[in-house]
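What follows is a single structure, written as structure tokens, with notes after it.
Please treat every number below as a calculation from the coordinates, not as lab data. The model shown is predicted, which means the values in this text are computed figures rather than measured ones. Cβ atoms come from the backbone with ideal geometry, glycine included; neighbour counts cover every protein chain shown.
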Amino acid sequence: MSDRPLRLRFAPSPTGRLHVGGARTALFNWAYARRHGGTFVLRIEDTDAERSTPEHERAILEGLRWLGLEWDEGPDTGGPYAPYRQSERIERHRELARALLAAGHAYRCFCTPERLDVLRAEQASRGEKPAYDRRCAELPRDEVERRLAGGERAVLRFRVPPGETRFVDHVRGEVVFQNAEVDDWVMLRADESPTYNFVVVCDDVDMRISHVFRGEEHLVNTPKQVLLYRAFERPIPEFGHLPLMLGADGKKLSKRTGDTALEDYREKGYPREAILNFLCLQGWALDGSTEVFSTDDLVANFDIADVTKGGAIFDLDKFRWLAGEYIRADSLERVAERCAPFVVAAGLMDEAELRERWNWFLEVVRGEKERIRTYAELPERIAYLFAGDEEVPYHPEAEERVRRQGTAAPLLREYAGWLRGELAAGATPAALAEGTRAWVKERGLKSPELFQPLRLALTGQSGGPDLFETIALLGAERALRRIEGGAGRLA
Ligand code: GLU
């Protein structure tokens with residue numbers, strides 16, 4: 001590690017929603033900065049004016065903040081190297097481009113798009129890689145001036161020097177490339193708008209970025225960027241290219257195999273701690289076996305050298321499992337708080353009613369906390385509590401099974417009579433459980449003979465939380481109405 005001040009950045013383009021791969025990049029940069037007391041910078045790369053929108057930028061900031069990945073410098077917080085929005089730095093980019101031009105590291109190119117198309121076609125027909133043939137690389141200065149004065153359009157190209165270049169990638173090891181393999185790429189377009197490879201280096205240089213950790217898709221750009229650092233005579237940052245995230249089908253993660261935006265998982269009610277944990281596992285491991293760990297563990301242990309070159313599989317089943325683990329381990333109060341917006345959105349209760357019946361709602365959540373894997377799963381599971389007692393929707397298969405048994409109606413009727421007395425006497429759920437077992441035994445029944453119709457009548461389902469807790473949640477009157485009603489419906 002060099003002795004430069006440690007400065008890392010996350011540089012999203014606000015051209016869409018925050019991708020889970022982007023969130024992982026942010027997380028690893030953040031963790032490295034936090035571990036080593038460095039600075040974490042957020043820079044918005046919005047030079048693609050057509051595709052960038054302020055809404056996307058806002059959503060990205062909001063998403064990062066929701067994950068808890070606070071930045072030290074950024075477009076909203078400011079900092080010593082402001083502005084942190086790339087579009088506000090264009091003048092600076094042009095100034096740096098002029099400096100490179102003056103130093104001979106860049107040249108004006110007047111080749112028209114038509115000529116370049118022909119050139120590419122010729123190269124393709126010879127089976128060669130497309131590359132600029134440097135026709136404009138050595139134009140005399142007075143010719144350049146004359147053509148510019150005459151209104152000819154020109155781009156600015158980087159003059160790739162001869163030789164060989166090396167850099168160390170902390171994930172992939174040493175990378176060596178022949179400069180001749182790198183095209184004389186365009187830094188400024190004819191309208192003077194800068195290209196990604198150029199601005200990213202300008203800004204990383206100006207913002208004193210010491211470490212660049214980003215997705216593997218940028219590895220192809222790194223040679224161009226390294227050569228640019230050399231031309232600027234500025235230190236080359238430490239690089240680390242994080243492995244591509246693959247879907248369960250082994251291909252690049254895409255909508256086909258699952259949601260790709262962080263927001264989707266948030267909307268689906270995944271706990272943020274589970275999201276962070278899962279993102280950590282995309283190319284990194286705490287040790288050989290621990291799968292559930294916190295961002296504190298990540299910060300205390302993260303090293304870019306431990307990131308794997310491949311094998312970041314976005315396994316949704318594992319993600320769901322992990323989400324469930326977090327919900328199980330969390331406090332009842334917090335799970336309830338986080339489920340609340342989903343319950344309101346599902347229209348089961350409005351906010352005021354929810355607050356009024358908060359203690360009741362806690363008991364509802366207690367019954368489901370062990371089972372749900374996301375907060376969004378709760379409303380569907382508890383909807384039966386909000387159904388009209390006469391029309392609890394019965395799950396067709398469960399109903400079919402109960403009907404086949406043939407004894408449901410008389411049993412429920414008789415049981416309701418017994419239960420009414422117990423409830424009137426204030427029996428607790430535990431006492432009811434015990435009393436019911438005795439009731440079943442006295443009649444020489446097998447437990448499911450009573451329990452299946454009882455559960456169907458109370459919940460419409462064939463499985464779920466403890467039945468006597470459910471009776472308590474419904475209250476004596478509603479529970480009895482459902483059981484008696486069930487006797488009628490199943491007759
Ligand atoms: N703006 C680029 C992106 O969103 C980031 C490039 C980089 O990290 O160097 O992919």
What is the set of long-range amide H partners of Met245 at a cut-off below 5 Å, with H atoms built 1.01 Å from backbone N? Leu253
Just the number, please: percent antiparallel of the DSSP beta bridges in the stretch 193-352, rounded to the nearest 5. 10
Taking neighbour counts of Cβ atoms within 10 Å as a proxy for exposure, in what order, fewest first, do Ser254, Ser125 appear? Ser125, Ser254
What distance in nm lies between label points placed 7 Å from Cα along the C-beta direction at Val220 and Arg146? 3.9
Added length on full extension, which subtracts the Cα-Cα distance from 0.36 nm per residue, Ser447 to Thr112: 112.2 nm
Mind jotting down the distance between the C-alpha centroids of the stretch 261-296 and the stretch 189-206, whole Å? 34
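Take the cross-link list Lys268/Lys318; Lys369/Lys446; Lys255/Lys309; Lys251/Lys309; Lys268/Lys369; Lys129/Lys255 and give me the ones stretching past 21 Å between alpha-carbons.
Numbers: Lys268/Lys318 15 Å; Lys369/Lys446 29 Å; Lys255/Lys309 23 Å; Lys251/Lys309 15 Å; Lys268/Lys369 16 Å; Lys129/Lys255 31 Å.
Over 21 Å apart, Cα to Cα: Lys369/Lys446; Lys255/Lys309; Lys129/Lys255.
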Every cysteine in the chain with no other Cys Cβ under 4.7 Å from its Cβ, please list them in numeric order. Cys111, Cys202, Cys280, Cys339
Could you run the Karplus curve 6.51 cos²θ - 1.76 cosθ + 1.60 with θ = phi - 60° over the stretch 77-91 and give me ³J(HN,Hα) per residue in whole Hz, x for Gly and Pro? 8, x, x, x, 10, 4, x, 9, 10, 4, 5, 8, 10, 4, 4
In bins 5 Å wide, starting from 0, what share of all Cα pairs of the stretch 260-331 does each bin hold, as a percent? 3, 15, 28, 26, 18, 9, 1, 0
Would you work out which of Thr53, Pro429, Thr257 lies farthest towards the positive end of the dipole of the chain, given +1 charges on the beta-carbon of Lys and Arg and -1 on that of Asp and Glu, about the Cα centre? Thr257
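Which residues make up the longest stretch of the chain clear of GluC sites (Glu not before Pro) that lie in a DSSP loop with no more than 15 other Cβ atoms within 10 Å, not counting the sites? Working shown, then result.
Details: sites that count: Glu50, Glu70, Glu128, Glu138, Glu152, Glu192, Glu233, Glu291, Glu370, Glu390, Glu391.
Longest gap between qualifying sites, sites excluded: 392-491.
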Listed by chain and number, the aspartates and glutamates with an alpha carbon less than 20 angstrom from that of Lys252, same-chain partners under 8 positions apart left out, are Glu216, Glu217, Glu263, Asp264, Asp315, Asp317
Alpha-carbon centroids, the stretch 23-82 and the stretch 347-412: separation in whole Å: 42
Phi angles of the stretch 8-20, converted by Karplus (6.51 cos²θ - 1.76 cosθ + 1.60, θ = phi - 60°) into ³J(HN,Hα) in whole Hz with x for Gly and Pro, give 10, 9, 10, 10, x, 9, x, 9, x, 6, 5, 6, 4
Which residue, Ser331, Pro379, Leu316, has the largest displacement toward the positive end of the dipole of the stretch 243-388 when charges sit on each Cβ (Lys, Arg +1; Asp, Glu -1)? Leu316
Unit Cα scatterers, Debye sum, the stretch 345-470: log10 I(q)/I(0) for q = 0.13, 0.16 Å⁻¹: -0.61, -0.91
Let me spell out the model: positive unit charges on the Cβ of Lys and Arg, negative unit charges on the Cβ of Asp and Glu, origin at the Cα centre of the chain. What dipole size does that give, in debye rounded to 20? 660
For the chain, alpha-carbon Rg and Dmax in angstrom: 32.0, 109
Please list, by residue number, every one of the trypsin sites (Lys or Arg not before Pro) in the stretch 1-57 that is coil in DSSP and has at most 13 other beta-carbon atoms within 10 Å. Arg51
What length, rounded to one decimal in nm, is gained on full extension from Ala329 through to Asn179, with 0.36 nm per residue of separation minus their alpha-carbon distance? 48.6 nm
For the stretch 428-471 and the stretch 92-116, write down the distance between their C-alpha centroids in whole Å. 80
Treat each spin label as a single point 7 Å out from the Cα along the C-beta direction, and report the Ser254 to Glu397 distance in nm. 3.3
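Once you have the Cα-Cα distance between Glu380 and Thr77, take 0.36 nm times their residue separation minus that, and quote the gain in nm to one decimal.
Values: separation 303, 0.36 × 303 = 109.08 nm, distance 4.06 nm.
So the extension gain works out to 105.0 nm.
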State, to one decimal in nm, how far the label point of Ala345 lies from the label point of Lys129, with both points 7 Å from Cα in the Cβ direction. 4.7
